[in-house]
Each structure stands twice: as C-alpha cells, then as structure tokens.
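Following: one structure in structure tokens, then a few remarks.
The values are calculated or read from the model by the stated rules, or taken from the named source; none is laboratory data. Model, not experiment: these values are computed from the prediction. Don't worry about glycine lacking a Cβ; one is built from the backbone with ideal geometry, like all the others, and counts go over all protein chains shown. With ligands, DNA and RNA removed, areas are computed over all heavy atoms of the protein, side chains included. Shrake-Rupley method; radii C 1.70, N 1.55, O 1.52, S 1.80 Å.
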Amino acid sequence: MILTTSFRIPSIIHYGTGALGELGATGQELGFTRVLLVTDASIVKLGVAGQAQALLEKAGIGVTLFDQVQPDPTLQNVEDGLAALRAGNCDGIVAVGGGSSIDCAKGISVRLKNPEPLPDFTGVEKIPRAGLDVIAVPTTAGTGSEVTRVMVITDSGRDVKMMFVSRHCLCAAAIVDPALTLSMPRLLTAAVGVDALCHAIEAYVSKRAQPMTDLLALSAIRLIAPNLQTACDDGQNLRAREAVMLGAMQAGMAFSNSSVALVHGMARPLGACFHLTHGLSIAVLLPVVTDFSLPAAPERYARIAAEMGASEIVSALRQLNRDTGIPSLRALSVPADRYESLIEKMAADALASGSPANNPRSANAGEIAGLFRQAYEA
Ligand SMILES: NC(=O)c1ccc[n+]([C@@H]2O[C@H](COP(=O)([O-])OP(=O)(O)OC[C@H]3O[C@@H](n4cnc5c(N)ncnc54)[C@H](O)[C@@H]3O)[C@@H](O)[C@H]2O)c1
Ligand SMILES: [Fe+2]
C-alpha cells in the first residue's frame, strides 16, 4: 500500500478526429522554430508524415525529416536521429507514428542533454536532465507512449529491451487523432489493441495502483473490450477506432502512473529474443499470466471481467485472442528448441526489469520459466 501518490501527464492533449489540425498551433505554443520530424518509412509512404510536415510549415516551423526508425527502436536509431537533430539545428521534436517513433523521439531528446550512454539510465527516474520538448502524434492505438513517462529502447547487441521511466520521457504535448489509425491492418490493430487492454489490466491489478489510475484503467477497459473486435473486423469504423484510441490513451495514463507488471516484464525479453512485435508478445502471454496472478487479486480481476462484459477473465482473454486472430507462438514460427534454450535468460531479464515486482502475485525465476512454457503450449 502506498501512502501518497503522484500523477503526471503531458500538459497539452488534443484528442478527437481531426485533432491533427492542431499540430501547427501546438508547435507555435511550444515556441518551436525548426523541428526534427521523427517517423518511419511506412508512415512516410502512408502520407501522414507529409501531412504533418505541411501543417508545421504552414505554421512557419521548419522541418528536418528523420524517417529511419525501426519497429522496436534501437540505440543506433537514437544516435542517428540525434545526428540529424544536430545537423538540422532543431529546437523541438515531433514524433509521428507508433510507439516506436514516439520512443525514438524521446530517446533523441534525452540524449541531446545527457551525454552519458543511454543504458546507464535504465530504471526509474535515473535521467538527470530534461531534453527538448516533444509533440507526439500516435498512429497506433496503442502503446499510449504519447502520454507516458516510459521509453523502451532495444540494445540489439544484448537482445535486451531497456525500459526507462522518467519525467524527462514525458512528451510536452500529445495530439491523438483516431482518423490516423484507420489505415492499420487487422493484425496490427489486434496486437496493439490487446497491448492497450493489458496496460489497463496491469495498471489496475498493480501493487502501485492508486485512485486516479483505477478510474482511467476501468474506463479504458470499458472502451477497448467491446470495440476492439469491431475495429479489427471493420477497420473503417471510425466510432470503434475512436473508442479504442481513447481507451489506449487512458490506459497509457493509468500504467504510467501506476505500473505494468508480470505480463510486460515477460513480454519484453520474449520480443527481444524472437523479434516479435510488442503487441503480439503481450497477447500470447496475457491469458496464461492472468491465470497465474488471479488468486492474488480475485476481486480486482472479477471487476475487470465485469467491465469487459464477461463472467470470467481468463476465458474472456483467450476468446479475445481467438476472435481478433492473434496467432500462437508456434504459428508465429518460434522454434521450440531455441525457445526452450532461452527460457532461463528470458526469465532472468524479466525479473531484472523490475516490472514483475509490481504483480499482485509474486513470481520467482522458476515460476516465470513455467509460465513461458505454458504460453508455448497454449
Ligand atoms: N513508451 C511507452 O509507454 C510504451 C508502451 C508500450 C509499448 N512501447 C513500445 O512501443 C513499440 C511498439 O509500438 P507500436 O505497437 O505502436 O508499433 P510500431 O511503432 O513499432 O509500428 C509497427 C508497424 O506498424 C506501422 N504502422 C504504424 N501506424 C500505422 C498505421 N496507422 N497504419 C499502417 N501501419 C502503421 C509502422 O510503420 C510499423 O511498421 C515497442 O518498442 C514497445 O516496446 C512503449
Ligand atoms: Fe505494452
């Protein structure tokens, strides 16, 4: 039980279909004259990066484009972006894309003012100095990174997804426009949507849950659970997209001020070792880990099931995976022998991240290894 709580979110949030139109004015409000536009090649191809660039230029803000972000951004992506930011002499950063582009932008901002190697800062509130202001424009619904004080950067040399939690990883502004998610294909919609639902669930059952985060987590579950299926089946359904994106943002606010827990602790090493997307890594673990954690917080899990409109949570989560077309680890071509040989490393990395410590039921390395095995057989 924590006795005092704190709550941080960006001070400017524009939400709603058409919110992208606020980008120029938001850049002006933050005093930007020249920005680094951080994005990836697919977002450029979709035309969204060009749209953002045009809005910024119309507001008199110069743009240097950096479109080299890889899914699960690496330390190298951050260094390359930093070089582009310096070459462009930028005084602000705009990220347009999924969690990968937003996290890479946070990394570039932090590195500009903190010359020490980024890995030195993993963990909670280890970053000493504030970087440049970042405006985040998410195109997935999603990680919630636009409103979180969390950043995830991959150290590809060690196959480790490093997690940073710091007030200096909080964006100055978030522009959350559900219309930008209409182009997400079905599997991406499903995987990032289950990630968002997992943020809400873990925030609500976390040992660090607090009244403000409970409110947001329950609202997020109510918004995401009944609408994710529709967003998957009918990608052009703007009402469903709006509900899921609002839920994803609320879930981000919730977990950023509470925490994630065992599912996320295990998903990061799974994703890093087998190059699975974050959302898929979460989705394949969520039912099994929930089943393990349930006895430690039965009332909380029952409330989540009720908010989902289900009688029992584990079967509801399994059903959601089936209905939205989440593949199994086997179907994702994760080889059984390599998986088994990496279970010990994945369990150790999961514990080292600190997230499992917030789980309602504590788990040791042996139990985590057992859960990895169960997830493979599921
Ligand atoms: N900082 C945080 O709070 C936080 C929270 C959860 C996850 N994460 C991290 O975020 C990353 C994952 O982000 P993500 O799941 O949003 O995906 P992503 O940013 O990695 O994007 C995945 C792919 O989808 C494409 N894409 C994005 N938006 C699209 C759209 N509207 N239409 C079509 N294609 C689109 C991208 O171009 C990319 O190819 C992981 O590294 C994860 O660890 C961060
Ligand atoms: Fe996540």
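Annotations
Matching residues to (1) within 12 Å of the chain's Cα centre (by Cα); (2) within 17 Å of T277 (Cβ to Cβ):
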| position | (1), (2) |
| --- | --- |
| A105 | no, no |
| G123 | no, no |
| C169 | no, no |
| A174 | no, no |
| T181 | no, yes |
| D195 | yes, yes |
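- Number of positions in region 140-155 that are open to solvent by 10 Å² or more (accessible area, probe 1.4 Å), away from ligand 2 (no atom under 13 Å from the Cβ) and within 27 Å of F32 (Cβ to Cβ): 1
Here's the yes/no breakdown for (1) within 29 Å of S258 (Cβ to Cβ); (2) surrounded by fewer than 18 Cβ atoms within 10 Å (Cβ to Cβ); (3) touching a His at 6+ places or on another chain (Cβ under 9 Å):
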| residue | (1), (2), (3) |
| --- | --- |
| D80 | no, yes, no |
| R86 | no, yes, no |
| I108 | yes, no, no |
| G123 | yes, yes, no |
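- Scanning region 156-183 for residues that are modelled with pLDDT of 95 or more, away from ligand 2 (no atom under 16 Å from the Cβ) and open to solvent by 10 Å² or more (accessible area, probe 1.4 Å) yields R167, H168, L170, A172, A179, L180, L182, S183.
- Looking only at residues in region 303-337 that are open to solvent by 70 Å² or more (accessible area, probe 1.4 Å) and touching a residue at least 24 places away in the same chain (Cβ under 8 Å), the one that is farthest from A200 (Cα to Cα) is R330.
- For region 1-35, residues that are within 24 Å of the chain's Cα centre (by Cα) and of a type in the set (D, E, K, R) total 2.
- Only listed residue being small (G, A, S) and more than 15 Å from ligand 1 (Cβ to nearest atom), chosen from G81, G31, G97: G31
- Condition check for L223: open to solvent by 20 Å² or more (accessible area, probe 1.4 Å), away from ligand 2 (no atom under 14 Å from the Cβ), among the aliphatic types (A, V, I, L, M) and modelled with pLDDT of 95 or more: yes
- Flag for A254 being among the hydrophobic types (A, V, I, L, M, F, W, C), farther than 16 Å from L320 by Cα and either at pLDDT 95 or above or open to solvent by less than 10 Å² (accessible area, probe 1.4 Å) (or both): yes
- Verdict on V150 being within 12 Å of ligand 1 (Cβ to nearest atom), within 25 Å of L342 (Cβ to Cβ) and within 20 Å of the chain's Cα centre (by Cα): yes
- Highlighted here are the helices (runs of 4 or more DSSP H) found entirely within region 251-314 that include at least 3 residues which are closer than 20 Å to P335 by Cβ: 262-274, 278-293.
- Single match in L285, L342 (criterion: within 22 Å of T189 (Cα to Cα), in contact (Cβ under 8 Å) with a residue 24 or more places away in the chain and aliphatic (A, V, I, L, M)): L285
- Number of positions in region 184-204 that are more than 20 Å from E242 (Cβ to Cβ), open to solvent by less than 10 Å² (accessible area, probe 1.4 Å) and either touching a residue at least 60 places away in the same chain (Cβ under 8 Å) or near ligand 1 (Cβ under 10 Å from one of its atoms) (or both): 3
- Among the residues of region 337-378, those identified as outside any helix (DSSP H, G or I) and at pLDDT below 95 are S353, G354, A378.
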